[in-house]
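Colleague: One structure is given below, represented as structure tokens, and several questions about it will come after.
Bear in mind that the values in this text are calculations on the coordinates, not laboratory data. None of these values were measured; they are calculated from a predicted model. Virtual Cβ from ideal backbone geometry, glycine too; neighbours counted across all protein chains shown.
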Amino acid sequence: MFADVAGGPGGECWPVVLQLERSERMSDDPLPAHVVNADHQPSMVVWEATRAFRFPGTPDAAPAELAARPGELTTNEAIAMIDQLEPFPGTVLGITGGDPLEREDLELIVSRARIRALPVVLALGATPRVTVHRLRKLRTASEQTEVAVRLDGPTAESHDAQRGFVGAYRRTLDIMQGARQVGFPVRIITAVSQRNVDELDALAEVVAMTGARQWNVSFLPPFGRGNAADVLSADEHEQVLVRLAHLWGRVPFTISVASSPSFARVMSQTGHPANGEVDTSTDGRGFMFISSTGDVRPSRLLPTVGNVRQDSPAVLYRHAPLFEALRDRDRLEGRCGRCEYRCECGGSRSWAYVTSGDLFAEDPTCPWEPVTAP
Ligand code: SF4
């Protein structure tokens, strides 16, 4: 799910071309590696399978502490949603939660995704639902599935403090080991904040040590309980992106940066060739979110444009006015609107919207001053 872009500074932007990821797990995949036009197909659809979640230490048989929302997709509705994604062969289906393992039908859904040629990345929490037995069942359901776990600190002390409970680090490493034992490739998700920004190199070493295939780095968003004080400034964002660009190609795993399309600019400015390996997919342009109740959005944080119970998600992705507007670089404002990198980057529309209420405002996480005059 990497992206390449044509277009020139200040000129017209060409359609973004996404190169769908082809990993080891797909080596026997009959589908050829292929590129797609981001106007027509996303590289990733994230589905929030449920909001239900139980914290580590809770007996497996106990009810989930955080309940499923009323109206979450039934098994038949989830299967129908997967079928409606058939126009997107090769697009990665990210399944997240809550805890997706709270759904007893998860194996059936993962299996259906395989039939529809949708590779799955399954985000697992460090919850009691994750057992080797369940992992084995999921692996049997689809060999085109990867497992993703969240690791925010390189030590038990750091990770446990950030996740809010003792034992989270140990449990996460155990889940990774169990997943690898049953054959899953594993990727690690990290949310960078003031609490771990000084531990990036140590985190990279742990990612390498675990044998993870990919490191998905994101940034703590500016909302949620207690988040505001831990959010990075624009300059700190930039320093993290530069650090990741430095690690690129020197570590035994790939790096993906979610919600920070300006990573494409940083990679370009730090001398990395524009060979299509930097994932620039972002809100509505290569990325789509489907909530547990079926609402379709360009990202988790952006407005709903329809619901899979009534609408085809593929049609919404291609033709919903909000999706089309988000792909229109002429709508961008502020620094993003006059930026020489607006075609390949364009800024995070989610951060712009959450911080200003304006979908097309400049990305507050980026400190770049365009060379084009205001
Ligand atoms: S100013 Fe906007 S378009 Fe330019 S690099 Fe920063 S986020 Fe991207």
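Colleague: Please state the charge dipole magnitude for the chain, taken about the Cα centre, from unit charges on C-beta atoms (+1 on K and R, -1 on D and E), reported in debye and rounded to the nearest 20.
Modeller: On the way: 38 positive and 48 negative charges, 156 e Å.
That gives a dipole near 740 debye.
Colleague: If you don't mind, another one. If all Cα-Cα distances of the chain are sorted into 20 Å bins from 0 onward, what percent lands in each bin, rounded to whole numbers?
Modeller: 29, 62, 8, 0
Colleague: Name the residue from THR140, VAL296, TYR317 whose Cα lies farthest towards the positive end of the charge dipole of the chain, charges +1 on Cβ of Lys and Arg and -1 on Cβ of Asp and Glu.
Modeller: So the residue furthest toward the plus end is THR140.
Colleague: Let me have the 222 nm mean residue ellipticity of the chain computed from DSSP H runs of 4+ only, each contributing -39500 (n - 2.57), with the sum over all residues rounded to the nearest 500.
Modeller: Working: 12 runs with 109 residues, N = 374.
Theoretical 222 nm ellipticity from helices: -8500 deg cm²/dmol.
Colleague: I want to check the label-to-label distance for THR155 and ALA208. Put each point 7 Å from Cα in the C-beta direction and report it in nm to one decimal.
Modeller: Result for the modelled spin labels: 2.0 nm.
Colleague: What list do you get for SER218, SER281 if you sort them by fewest beta carbons within 10 Å? List each step's numbers first, then the result.
Modeller: Working: SER218 15, SER281 21.
So the ranking, lowest neighbour count to highest, is SER218, SER281.
Colleague: Quick check: convex hull of the Cα atoms in region 218-278, volume per residue, rounded to a whole Å³?
Modeller: That works out to 91 Å³ per residue.
Colleague: Based on other C-beta atoms within 10 Å, arrange THR210, THR131, THR145 from fewest to most.
Modeller: Fewest-to-most ranking of THR210, THR131, THR145: THR131, THR210, THR145.
Colleague: Continuing with this model, one more query. If you take every residue apart from ASP358 with its C-beta less than 14 Å away from the C-beta of ASP358, what net charge results, scoring Lys and Arg +1 and Asp and Glu -1?
Modeller: Here the charged neighbours net out to -1.
Colleague: What percent does the relative contact order of region 2-330 come to when contacts are Cα pairs within less than 8 Å and at least six residues apart?
Modeller: 19 percent
Colleague: Please arrange TRP368, TRP215, TRP248 by counting, for each residue, the other beta carbons lying within 10 Å of its beta carbon, fewest first.
Modeller: Ascending number of Cβ neighbours within 10 Å: TRP248, TRP368, TRP215.
Colleague: Something else: Pop a pseudo-label 7 angstrom from the Cα along the beta-carbon direction at both HIS246 and GLN177 and give the gap in nm to one decimal.
Modeller: My value for the distance between the label points is 3.2 nm.
Colleague: If you don't mind, another one. So what's the gap between the Cα centers of region 330-352 and region 231-279, to the nearest angstrom?
Modeller: What the calculation gives is 17 Å, centre to centre.
Colleague: Which residue, ALA314, ALA234, ALA78, tops the fluctuation ranking in a GNM of the chain built on C-alpha contacts under 10 Å?
Modeller: Of the options given, ALA234 has the highest mean-square fluctuation.
Colleague: What distance in nm separates the simple spin-label points at GLN239 and ASP39, each placed 7 Å from Cα in the Cβ direction?
Modeller: For the pair GLN239/ASP39, the computed spacing is 4.1 nm.
Colleague: Which trypsin sites (Lys or Arg not before Pro) from region 239-331 combine a DSSP loop assignment with at most 12 other Cβ atoms within 10 Å?
Modeller: Qualifying residues, ordered by number: ARG250.
Colleague: Follow-up. Would you work out which of ALA123, VAL197, LEU244 lies farthest towards the positive end of the dipole of region 2-330? Charges go on Cβ: Lys and Arg +1, Asp and Glu -1.
Modeller: ALA123
Colleague: What's the FRET efficiency of HIS133 with VAL315 using the Cβ-Cβ distance as r and R₀ = 41 Å, to the nearest 0.05?
Modeller: For HIS133 and VAL315, the calculated efficiency is 0.55.
Colleague: Here's another thing I want to ask about it. Lys and Arg at +1, Asp and Glu at -1: add these up for the other residues within a Cβ distance under 11 Å of ARG300 and post the number.
Modeller: Taking every Cβ under 11 Å from that of ARG300, the sum is -2.
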